[in-house]
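In what follows, a single structure is set out as structure tokens and then discussed.
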Amino acid sequence: MKMLAFRYHGPNDMRLEEVEAPQVAVGELIVEMESASFCGTDLRIVHGNHRHYPAGTVRTPGHELVGRISQIGEGVKGYELGQRVFVAPNIGCGHCEECISGNNNLCTDFNALGITLDGAFAQSVRVPANAVKQGNIMPIGENVDPAVAALIEPFACVLRGQRPLNIQPGEVVLVMGAGPIGIMHLKLARLKGAGQVIVSEPVAERREQAAAFGADRVVDPFNEDLKAVLQANSHGRGADAIIIAAPVNALQEQSLDLAAVGGRISFFGGLPKDKPTIQFNSNLVHYKELIVSATTACSTDNCRQAANIVNSGRVDLSPLVSARVRLADAAEGLRLAEDRKSLKVVLVP
């Protein structure tokens, strides 16, 4: 039996093609895709800039997935055919210290749908037995838009990224970058009671989107003095928490000067692999007692928390869905995802 898949064959060589549809084995599930969204990691994959896609790799990307269970393998209990589910993509070994402490995204022997395994840019996805055992399958309410449910994975990354910041009610939060991740950080910071959320973004369309999503102040960093804006809105202190939601070296360097005394900073966006270093003013960290943190991807537990929030309706992610594109038109979806105007582009069957 054949199915459609949008496959990587090398840098900038994505092909929509017919492949063999996965068949269920003992302990596994097959999930028929309802929605799968593009993210920055997928764009790095497409351009040949991901370490798990070395030369010669042919694979189906896509790790932000919601769908319906279409096949249930022998021995799998607790799920039903036709049930709508979100699939947490990161699969740890299950027995190392990182896995048993709940940080399976840091497992050195991990697998991940769309990263090391065939992923969601296809009509169906095979979920391995160890992922089923480890709880990577999470029910999604029938009232939830499946395109919104596909955003659970990036929202889980945002939850993880803000955890070390310990944002308190009334604090001033600066988000640098207003792409889809930056907007999610904005919404989560507001949910946590931030007194002000200031967003810095050079692209006009994204500044407009950030304002529409509730930013208290939106700054054009090329034509405004970001530090002056921060001081004017923080009684001269600076930002209590800063999130760098863009892979830009200069933003990480600048954040140390923009932070208030005792501020917390999240280097959320990873830097390009050909330029991974910054000039770090250690004295600013020392004398201001700053906390600089970083996170990568998300754990299955982070996904569980994000799924609970999305199921509850406490955070509305639906406005982040800029476009829905048929899987048969995946190349157009990729173009939209790269235009820096769209937020989340979602493939549908």
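With both labels modelled 7 Å from their Cα along Cα-to-Cβ, the Ile100 to Asn308 distance reads 2.4 nm.
Each eigenvalue of the Cα gyration tensor of segment 83-197, multiplied by 5 and square-rooted, gives one semi-axis; in descending order these are 29, 19, 13 Å.
Scan segment 52-131 for GluC sites (Glu not before Pro) in coil per DSSP, keeping those whose Cβ has at most 12 other Cβ atoms within 10 Å, and list them by number. Write down the numbers at each step before the final one.
Details: sites: Glu64, Glu74, Glu80, Glu97, Glu98; in loops: Glu64, Glu74, Glu80.
Passing sites in segment 52-131 are Glu74, Glu80.
Looking at segment 245-331, the pairs of alpha carbons with a distance over 16 Å make up 69% of the total. Helix 152-162 and the long axis of the chain differ in direction by around 30°, with both axes built from C-alpha atoms. Relative to the longest principal axis of the Cα atoms of the chain, the long axis of helix 249-258 lies at roughly 40 degrees. Working note: Karplus 6.51/-1.76/1.60 with θ = phi - 60° gives segment 20-32 the couplings 5, 6, x, 10, 6, 10, 4, x, 9, 10, 10, 10, 7 Hz, where Gly and Pro are set to x. Over all other residues within a Cβ to Cβ distance under 14 Å of Asp339, the charged ones net out to +2, with Lys and Arg as +1 and Asp and Glu as -1. Nearest 10 degrees, 0 to 90: what angle lies between the long axis of helix 180-191 and the longest principal axis of the chain (Cα atoms)? It is inclined by approximately 70 degrees.
Take every Cα-Cα pair in segment 158-293 and report what % of them are more than 17 Å apart.
Details: 4963 of 9180 pairs.
In whole percent, the share of Cα-Cα pairs in segment 158-293 beyond 17 Å is 54.
Annotation for segment 7-44: GluC sites (Glu not before Pro) lying in DSSP loop with at most 12 further Cβ atoms inside 10 Å of their Cβ do not exist.
Exposed loop sites here are chymotrypsin sites (Phe, Trp or Tyr not before Pro) assigned a DSSP state other than H, G, I, E or B and surrounded by at most 12 other beta carbons within 10 Å; excluding them, the longest clear run of the chain is 1-221.
In order along segment 123-137, phi translates into HN-Hα couplings of 6, 9, 10, 8, 9, x, 4, 5, 5, 4, 5, 7, x, 6, 9 Hz, rounded to whole numbers, per the Karplus curve 6.51 cos²θ - 1.76 cosθ + 1.60 with θ = phi - 60° and x for Gly and Pro. For the chain, adding -39500 (n - 2.57) for each run of n ≥ 4 DSSP H residues and dividing by the number of residues yields -7500 deg cm²/dmol at 222 nm. With R₀ set to 41 Å, the beta-carbon distance separating Asp225 from Glu142 gives a calculated FRET efficiency near 0.25. Packing here is the average count of other Cβ atoms within 10 Å per residue, and on that basis the peptides 169-176, 334-341, 315-322, highest first, run 169-176, 315-322, 334-341. Hydrodynamic estimate: the Kirkwood radius of the chain over Cα pairs, inserted into Stokes-Einstein at 4 °C and 1.567 mPa s, corresponds to D of 62 µm²/s. Note on segment 1-121: semi-axes of the ellipsoid equivalent to its C-alpha gyration tensor, largest first and rounded to whole Å, are 24, 21, 12.
Give the Kirkwood hydrodynamic radius (Å, one decimal) of segment 96-150, defined as one over the mean of 1/r across all pairs of different Cα atoms.
Working: mean 1/r = 0.0761 Å⁻¹.
Over segment 96-150, the inverse of the mean reciprocal pair distance is 13.1 Å.
Each distinct pair of alpha carbons in segment 298-349 adds a 1/r term; the inverse of their mean, the Kirkwood radius, is 12.5 Å.
No value in this document is a laboratory result; all are computed from the given coordinates. Here the structure is a predicted model, which is why all the values come from computation and not from measurement. All Cβ positions, even for glycine, are placed from backbone atoms using ideal geometry, and neighbour counts span all protein chains on display.
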